[in-house]
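Colleague: The following block contains the structure, expressed as structure tokens.
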Amino acid sequence: MHENAPLTAEQFSLHTSGIVASVASVIDGKADAVRNALVCLLAEGHLLIEDVPGVAKTMLARALAASVDATVRRIQFTPDLLPGDVTGVAVYDPVEREFEFKRGAIFAHIVIADEINRASPKTQSALLEAMEEHQVTVDGDTHPLPDPFLVVATQNPLEMEGTYPLPEAQRDRFMMRISMGYPDAAAEALMLRQRDTANPLSAIEPVADAATVRALISWARRVHVAASLEEYAVALAQATRQDPSLHLGASPRATLQLVRAAKVVAALDGRDYVVPDDLADLVIPVFAHRLLAARGVHRAGAQPVEAALRQIVARVPVPFAARV
């Protein structure tokens, strides 16, 4: 499509449905994970996928990248990975007698940061400026990143060998954290039949390009959020900061990203306005990874942070009538 062509509601639905169908053709039985990945892309956020090895975390990231005709780079995070490998370095050119910037792997529309928590915190921090400001600064020179820009990071559970915990500032850069989970028996059996002789990623053809994604992002930005729903989002965030079972509450960045994600969810559902359920349903994937449970807090049968968020959603008053 033309870069400046106006996008209609029908075109938005057509393009987003095509992306979802393309990714879902590879990721069996994980519709929520596929949808959340698209929400992060269109809300200009970043996605953190946490789960045990072998449940298609990287496959989801690669399928999304293959479905969009844009530049894609994959970074395998390892203990010996250096910050310059991610951002790039200035190299002296003896012929020109000047330093030339060699771009790192971060310079792509979609960056797959595989097993991000296997690298040291110093290397992880190389992503901070890029994820927040969409730029990289090396030796005092600032280099803009492509637009759109999405980081899809995978990480293994911390109890596994050779992992480093992500710092709070790093986790706060991710719009959502999701888990893939094990497939059900039917989906796993289907996977065995379909992937015995061929890699399904090789069959994916791009269904959108960078210009289309920019138009989809622009469309989602125009979704209306009533003043009462903005107040509701703030109330949810403030409740996390006041809850005695939580040591660290949601940041203002988390509140902003909750609203941005809700606008995309509304657009994907065919609405040009946000409803309270859009916000409430996103509280756990958007807030949970940013929060820390207070010491000694244990809740039977549930993770303490997720349990606290469910109670917050249940007790924070829902606005019944939207005030524009």
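The values are calculated or read from the model by the stated rules, or taken from the named source; none is laboratory data. Keep in mind the model is a prediction, meaning the values are calculated, not measured. Note: ideal-geometry Cβ built from the backbone for every residue, glycine included; neighbour counts use all protein chains shown. Side chains included, ligands, DNA and RNA excluded: accessible areas come from the protein's heavy atoms. Shrake-Rupley method; radii C 1.70, N 1.55, O 1.52, S 1.80 Å.
Colleague: Considering only region 100-125, how many residues are outside any loop (DSSP other than H, G, I, E, B) and surrounded by 14 or more Cβ atoms within 10 Å (Cβ to Cβ)?
Modeller: So the answer is 13.
Colleague: Need pairs with beta-carbon distance below 7 Å; first residue small (Gly, Ala, Ser) and within region 272-292, second outside any loop (DSSP other than H, G, I, E, B) and surrounded by fewer than 20 Cβ atoms within 10 Å (Cβ to Cβ); sequence gap 6+ or separate chains.
Modeller: Qualifying pairs under 7 Å: 280/313; 288/306.
Colleague: Based on what the data block shows, is residue 71 in contact (Cβ under 8 Å) with a residue 60 or more places away in the chain, closer than 13 Å to residue 180 by Cβ, out of contact with any Leu (no Cβ under 9 Å at 6 or more places or on another chain) and not basic (Lys, Arg)?
Modeller: no
Colleague: Next up: Among the listed residues 254, 261, 239, 235, which satisfies the condition of being at pLDDT 95 or above, in a helix (DSSP H, G or I), within 21 Å of residue 31 (Cβ to Cβ) and open to solvent by less than 40 Å² (accessible area, probe 1.4 Å)?
Modeller: 261
Colleague: So, one more: Give, as residue ranges, the helices (runs of 4 or more DSSP H) completely inside region 1-99 that count at least 1 residues that are open to solvent by 50 Å² or more (accessible area, probe 1.4 Å) and modelled with pLDDT of 90 or more.
Modeller: Hits in region 1-99: 9-24, 31-42, 83-87.
Colleague: For residue 191, work out the one condition from (1) at pLDDT 70 or above; (2) more than 30 Å from residue 237 (Cα to Cα); (3) out of contact with any Asp or Glu (no Cβ under 7 Å at 6 or more places or on another chain) it doesn't fulfil.
Modeller: Checking residue 191 against (1) at pLDDT 70 or above; (2) more than 30 Å from residue 237 (Cα to Cα); (3) out of contact with any Asp or Glu (no Cβ under 7 Å at 6 or more places or on another chain), the one that fails is (3).
Colleague: Can you tell me how many residues in region 126-154 are open to solvent by 50 Å² or more (accessible area, probe 1.4 Å) and farther than 23 Å from residue 217 by Cα?
Modeller: Number of matching residues: 5.
Colleague: Determine if region 206-221 includes at least one residue that is over 22 Å from residue 272 (Cα atoms), assigned to a helix (DSSP H, G or I) and out of contact with any Pro (no Cβ under 6 Å at 6 or more places or on another chain).
Modeller: Scanning region 206-221, I find at least one residue that is over 22 Å from residue 272 (Cα atoms), assigned to a helix (DSSP H, G or I) and out of contact with any Pro (no Cβ under 6 Å at 6 or more places or on another chain), so the answer is yes.
Colleague: Does any residue in region 234-245 that is within 15 Å of residue 289 (Cα to Cα) and in contact (Cβ under 8 Å) with a residue 24 or more places away in the chain come within less than 6 Å, Cβ to Cβ, of a residue that is assigned to a helix (DSSP H, G or I) and of a type outside the set (A, V, I, L, M, F, W, C) six or more places away or on a different chain, and which pairs are these?
Modeller: If the second residue must be assigned to a helix (DSSP H, G or I) and of a type outside the set (A, V, I, L, M, F, W, C), the pairs left are 237/255.
Colleague: So, one more: Filter region 266-276 for residues that are surrounded by 24 or more Cβ atoms within 10 Å (Cβ to Cβ) and part of a helix (DSSP H, G or I) and give the result.
Modeller: Of everything in region 266-276, just one residue is surrounded by 24 or more Cβ atoms within 10 Å (Cβ to Cβ) and part of a helix (DSSP H, G or I), namely 267.
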